[in-house]
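Below is one structure; the comments refer to it alone.
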Amino acid sequence: MTDMPELIAELIEASKKHEQYRDRECINMIASEGIKSHAVCQMINMSHDLATRYAEGENDMAGHVKKRYYQGQKYMSQIEDLACDAVKNLFRTTWADVRLISGTHANTATFKGLSLASKNNKMIVTPLSCGAHISHDYTGLAGSILGITNINHVYDINEFNIDPEKSAYVIRATKPGIVTFGGSLFLFPHPIKELKAACDEVGAYIAYDAAHVLGLIAGGQFQDPLREGADFITSSTHKTFPGPQGGVIMGNADTPAKEKAVRKIQYAVFPLSASSTHLGRLPALGIACLEMKLFGQELAAQIVKNAQTAGQYLYENGVKVVAEHKGLTKSHQLALDVSNFGGGNKIAQDLEDAHIILNKNLMPYDDQNNKDNPSGLRVGFQDITRRGFGESDVKHLCDLMLDIIKGKRTPGEVKTDVLALKKEFSGIKYGFQTVEEALKYVQKN
């Protein structure tokens, strides 16, 4: 067995190497990863003591601290309330809960709370094979942990979206307590408006998992779930939304049914699923909310533009980009079918060897038992956009990807060009460089 000093020396060295590798030597295109501004990072570094503290207890109908069971809370409660209000201000809601430590935790509390409020443990979800997150599925927390019975939306593979007419029939026939939208492979807005009437008829709550697209929603460049009929949004805060790792639930408690749901969700947060709520991230979450208030529209628009530009360019150069007839994407993601070039596993690894990082992905039409070699790749554009990539830079990056995909050059040869390209984009745009810069802005306005 390796002794402790050697273990720790190796741990420190591996950590240093990771920071050099992924931050300074790789072009990161994982669709579920975000990038924080320097100010958000600095705010995290200013919150060391807060990150060691506990704040168990109940919240009120505004999402504010109502009761805590520990002493020493006076500033901690203020911080939580202010972070909550920053989220509510940005997304125009009357209630939010910022205690969640991940998007999956947000789904856990929401699904449990809504099943308690509706007294109905049936939930309609997008099929896992068609892009739902594992936390929605019967094989994940919804089924295996919460005991919720999953019923699938009808999914139109040609449209890469939920079929509203057929799903309305399923909703009316099965009478679920919850109807869920959103997911992980998420190219186009989901048909909330089209299915709202069917959900209301059977008394189902609508939950929208915005983890991947929350930043696009904040920037007004995707759909607006709450205005289209969703009752609650669940999300992580670190994908297209460029905050610290964490989770959030939000909604408008503007009817007796929604008030009941809020109480049940908050009960599912505490005491059912949370003890430590990782308070050290909350000040940084507030800074990220301010950045999205100021820069979110421009950032989100450029993310979508870069994704669409890349999709069109790759398509024109012989790569199958799904949903070509629909404009390829309206989100931060592309789905590529590279089965003609060796499959998703091979191409993802070759790209990684060239320091372009994305992930292999099963397509809805794939053999779902062949997870090790799917036909697809999922490509995200939020990281490179925040580093300053515009359309011409994206096309240059696509040329490097095409060299790998088509086997024109080896990964080692392409890696040299990737490293040179990465050096051109060492900064972070659409945000504050320091907390002091953010403070000067708020004091001036």
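The values are calculated or read from the model by the stated rules, or taken from the named source; none is laboratory data. The shown structure was predicted, so the numbers you read here are calculated from the model rather than taken from an experiment. Note that each Cβ is placed from the backbone with ideal geometry, even for glycine, and that neighbours are counted across all protein chains shown. Quick note on the areas: whole protein, heavy atoms, side chains included, nothing else; ligands and nucleic acids left out. Shrake-Rupley method; radii C 1.70, N 1.55, O 1.52, S 1.80 Å.
Just a few scattered comments:
- The combined condition, being outside any strand (DSSP E or B), modelled with pLDDT under 95 and crowded, with 21+ Cβ neighbours inside 10 Å, is not fulfilled by Ala86.
- Among the numbered conditions (1) within 24 Å of Cys398 (Cα to Cα); (2) outside any helix (DSSP H, G or I), the only one that Pro244 does not meet is (1).
- Residue match in the range 325-332 (condition: part of a loop (DSSP other than H, G, I, E, B), among the polar types (S, T, N, Q), touching a helix residue (DSSP H, G or I) at 6+ places or on another chain (Cβ under 6 Å) and within 24 Å of Glu413 (Cα to Cα)): no
- Test: residue in the range 53-74 that is in contact (Cβ under 8 Å) with a residue 24 or more places away in the chain and part of a helix (DSSP H, G or I): no
- Failed criterion for Ser118 (all others in (1) within 16 Å of Val269 (Cα to Cα); (2) in contact with a strand residue (DSSP E or B) (Cβ under 7 Å, 6 or more places away or on another chain) hold): (1)
- Of the residues making up the range 253-274, those that are part of a loop (DSSP other than H, G, I, E, B) and either open to solvent by 30 Å² or more (accessible area, probe 1.4 Å) or aromatic (Phe, Trp, Tyr) (or both) number 2.
- Residue-level analysis places Lys17 among those that are modelled with pLDDT of 95 or more and either assigned to a helix (DSSP H, G or I) or among the hydrophobic types (A, V, I, L, M, F, W, C) (or both).
- The residues in the range 418-437 that are outside any helix (DSSP H, G or I) and not β-branched (Val, Ile, Thr) can be counted, and the count is 9.
- Here Gly431 clears all of (1) within 27 Å of the chain's Cα centre (by Cα); (2) small (Gly, Ala, Ser); (3) closer than 15 Å to Ala354 by Cβ except the condition numbered (3).
- Subset of the range 102-140 (residues that are modelled with pLDDT of 95 or more, closer than 26 Å to Arg281 by Cβ and part of a loop (DSSP other than H, G, I, E, B)): Ser102
- Set Lys440, Lys371, Lys415: member being open to solvent by 20 Å² or more (accessible area, probe 1.4 Å), assigned to a helix (DSSP H, G or I) and over 25 Å from Gly219 (Cβ atoms): Lys415
- Single condition Lys119 does not satisfy, out of (1) surrounded by fewer than 18 Cβ atoms within 10 Å (Cβ to Cβ); (2) in contact with a Leu (Cβ under 9 Å, 6 or more places away or on another chain); (3) of a type outside the set (Gly, Ala, Ser): (2)
- Checking each residue in the range 352-374 for being of a type outside the set (D, E, K, R) and more than 16 Å from Gln333 (Cβ to Cβ) picks out Ala354, His355, Tyr365, Gln368, Asn369, Asn370, Asn373.
- Some residue of the range 2-17 being more than 26 Å from the chain's Cα centre (by Cα) and either under 30 Å from Thr329 (Cβ atoms) or open to solvent by less than 30 Å² (accessible area, probe 1.4 Å) (or both): no
- Pairs, first within 18 Å of Leu114 (Cα to Cα) and open to solvent by 30 Å² or more (accessible area, probe 1.4 Å) in the range 128-156, second of a type in the set (D, E, K, R) and part of a helix (DSSP H, G or I), C-beta under 8 Å, six or more apart: Leu146/Lys112
- Selection of the range 307-337 for residues being over 16 Å from Leu185 (Cα atoms) and touching a strand residue (DSSP E or B) at 6+ places or on another chain (Cβ under 7 Å) yields Ala310, Leu314, Tyr315, Val319, Lys320.
- Close contacts from the range 430-445, counting a first residue that is under 15 Å from Gly286 (Cβ atoms) and a second that is buried (at least 19 other Cβ atoms within 10 Å of the Cβ) and of a type in the set (Asp, Glu), with Cβ to Cβ under 9 Å and a gap of 6+ residues or different chains, come to Gly431/Glu291; Phe432/Glu291; Ala438/Glu291.
- Number of residues in the range 384-409 that are open to solvent by less than 70 Å² (accessible area, probe 1.4 Å) and in a loop (DSSP other than H, G, I, E, B) equals 5.
- Residue tally, condition in a loop (DSSP other than H, G, I, E, B) and closer than 30 Å to Asn359 by Cα, over the range 148-178: 8
- Residue selected from the range 222-252 under the condition among the small types (Gly, Ala, Ser) and buried (at least 22 other Cβ atoms within 10 Å of the Cβ), by the criterion farthest from Val435 (Cα to Cα): Ala230
Let's see how each residue does on (1) among the hydrophobic types (A, V, I, L, M, F, W, C); (2) touching a Leu at 6+ places or on another chain (Cβ under 7 Å):
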position: Glu165; (1), (2): no, no
position: Thr174; (1), (2): no, no
position: Pro189; (1), (2): no, no
position: Glu194; (1), (2): no, no
position: Cys199; (1), (2): yes, no
position: Phe222; (1), (2): yes, yes
position: Leu226; (1), (2): yes, no
